[in-house]
Structure formats: structure tokens, C-alpha cells
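Inspection log for the structure reproduced underneath, given as C-alpha cells.
The values are calculated or read from the model by the stated rules, or taken from the named source; none is laboratory data. This structure is a prediction, so every number in the text was calculated from the model and none was measured. No Cβ is skipped: glycine too gets one built from the backbone with ideal geometry, and neighbour counts run over all protein chains shown.
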Amino acid sequence: MELGDVGIFTAALDRAAQEAMVAAVRQVVAEAPLFHPETARGRQMSVRMTSCGAWGWVSDRRGYRYERCHPATGRPWPAIPESVMDLWRRFAGAGARDPESCLVNFYGEGARMGLHQDRDEADFTQPVVSLSLGDDGLFRVGGSGPGGPTRSVWLKSGDVAVLAGPGRLARHGVDRIRFGSSGLLAQGGRLNLTLRVVS
């Protein structure tokens, strides 16, 4: 299905594949712990995040950007797990370069992500591939310009969203999660993996 210019692939991963993906993410988090990013105005975001790949996305009073190392540990980000790379190859489309970053966002109870564009990358011809794991998230999408109408859909565990072509710069966000709607994560919550080409 499509939500505006964004492709939505429901039930892209079965339960066994989701569990394997969560196990891979746990290994990433063991090396690169989740942290609360801050906006340039010093406001703490409600999501916790980390990254894997050559680049990780960070945000603090110096603004939004990609960095080579984890802001707390100072160590390079761990490699993107092969199962996550397989997801990219399946959904990114022919000719897409290998992703250089995978953001891992964790939404606990009450967490959300305001409407934004993924525009800190150098090449907007490359897609963004996003996987939902765990609790349902209300995903909202608008156009690439300011204002205008938006549409929403509940993303469930195993669903994939692809921002490519006209939808690459679509404004998007997560208004809320249905905490406890999935048994995938023992303590509840939602993981979102977002794969991007940075350079």
C-alpha cells in the first residue's frame, strides 16, 4: 500500500524473523548504548536512540548531524547486522548503494517523534528504508513542503516503510504508540530501524 508517496509493506517480516532482528539489535545496543538525544535548544527527545554502520545520527546543542563515533562511549559504531543489510537489499530497489547508517530508535510508553524530513544526507536519490518492531506506532506522513494535509496509518511489528523517489523528502513522524500491543519486546515499546545512505 502507499501512504502519500511513501510505500508501506505490511507483515514484511514474520515473527521468527522479527525475533532474530531484535536479537541482532540487542547486540548493537550492547556495544553502542541507547541515549536520549537533545534538540539544538537543549530539549531532550522522548525517544532513545543509537546507531550502527559507518555513520551514526546524533543531535545536541550543535544541531543534527552524522558522526563516526558514539557520543557517550567515543567508540566507532558497530557494523550493521547482516540481517538488517538483507532487509535493505530486499526493499531499497535496484541500483541502491549499501546503507552507511542504521538508526535504532526506541519508543517507550508516551514517546513520539514530531513531523520531520530526513535531509541530513548528501544524496536524496537514495532511499530510506524503515522497519517497525514491537508495539504499534501511528505513522503520519505529509508532503515535502511546509504545511499541507497529512495521512496516518498504524504500523505493526514487521511492517516496512520506504521513502524513495517523490516520497524521499516527505515529512513524517510517529504521533504515538499503542504501548503493550505487541509481545515482541518483553517490557513493551517499539523499535524502529531506519537505514540510510549518508554520503
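Any idea which of 13, 3, 34 is among the hydrophobic types (A, V, I, L, M, F, W, C), on the phi < 0 side of the Ramachandran plot and touching a Ser or Thr at 6+ places or on another chain (Cβ under 6 Å)?
Every option except 34 fails the conditions.
Among the residues of the range 181-199 satisfying the criterion of being of a type outside the set (A, V, I, L, M) and touching a residue at least 60 places away in the same chain (Cβ under 8 Å), which is surrounded by the fewest Cβ atoms within 10 Å (Cβ to Cβ)?
Of everything passing the filter in the range 181-199, 199 is surrounded by the fewest Cβ atoms within 10 Å (Cβ to Cβ).
Tell me yes or no: at least one residue of the range 3-16 is farther than 23 Å from residue 170 by Cβ and not in a loop (DSSP other than H, G, I, E, B).
yes
Within the range 35-50, take every residue that is touching a strand residue (DSSP E or B) at 6+ places or on another chain (Cβ under 6 Å) and under 20 Å from residue 192 (Cβ atoms) and give me the one that is surrounded by the most Cβ atoms within 10 Å (Cβ to Cβ).
Only one residue tops the list, namely 50.
Show me the strands (runs of 3 or more DSSP E) entirely contained within the range 102-174 in which 3 or more residues are at pLDDT below 95 and at negative phi.
Of the strands (runs of 3 or more DSSP E) lying wholly inside the range 102-174, those with at least 3 residues that are at pLDDT below 95 and at negative phi span 113-116.
If I ask for residues that are in a loop (DSSP other than H, G, I, E, B), surrounded by fewer than 22 Cβ atoms within 10 Å (Cβ to Cβ) and modelled with pLDDT of 95 or more, which ones from the range 89-101 would you list?
92, 96, 97, 98, 100
Please tell me if residue 84 is in a strand (DSSP E or B), touching a helix residue (DSSP H, G or I) at 6+ places or on another chain (Cβ under 9 Å) and either among the aromatic types (Phe, Trp, Tyr) or in contact (Cβ under 8 Å) with a residue 24 or more places away in the chain (or both).
No, not satisfied.
Mind checking which residues of the range 51-88 are hydrophobic (A, V, I, L, M, F, W, C), in contact with a strand residue (DSSP E or B) (Cβ under 8 Å, 6 or more places away or on another chain) and surrounded by 14 or more Cβ atoms within 10 Å (Cβ to Cβ)?
52, 54, 55, 57, 58, 69, 77, 79, 80, 84, 87, 88
Can residue 78 be described as closer than 27 Å to residue 158 by Cα, in contact (Cβ under 8 Å) with a residue 12 or more places away in the chain and part of a loop (DSSP other than H, G, I, E, B)?
Criteria met by residue 78.
Would you check if residue 158 is in contact with a strand residue (DSSP E or B) (Cβ under 9 Å, 6 or more places away or on another chain) and more than 18 Å from residue 183 (Cα to Cα)?
Considered against the rule, which asks whether it is in contact with a strand residue (DSSP E or B) (Cβ under 9 Å, 6 or more places away or on another chain) and more than 18 Å from residue 183 (Cα to Cα), residue 158 comes out as no.
Report, ordered by the first and then the second residue, all pairs with beta carbons closer than 7 Å, sequence separation of six or more or different chains, a first member in the range 14-25 that is closer than 11 Å to residue 133 by Cβ, and a second member that is of a type outside the set (A, V, I, L, M) and modelled with pLDDT of 95 or more.
Within 7 Å, the pairs are 18/157; 18/158; 20/83; 21/83; 24/81; 24/83.
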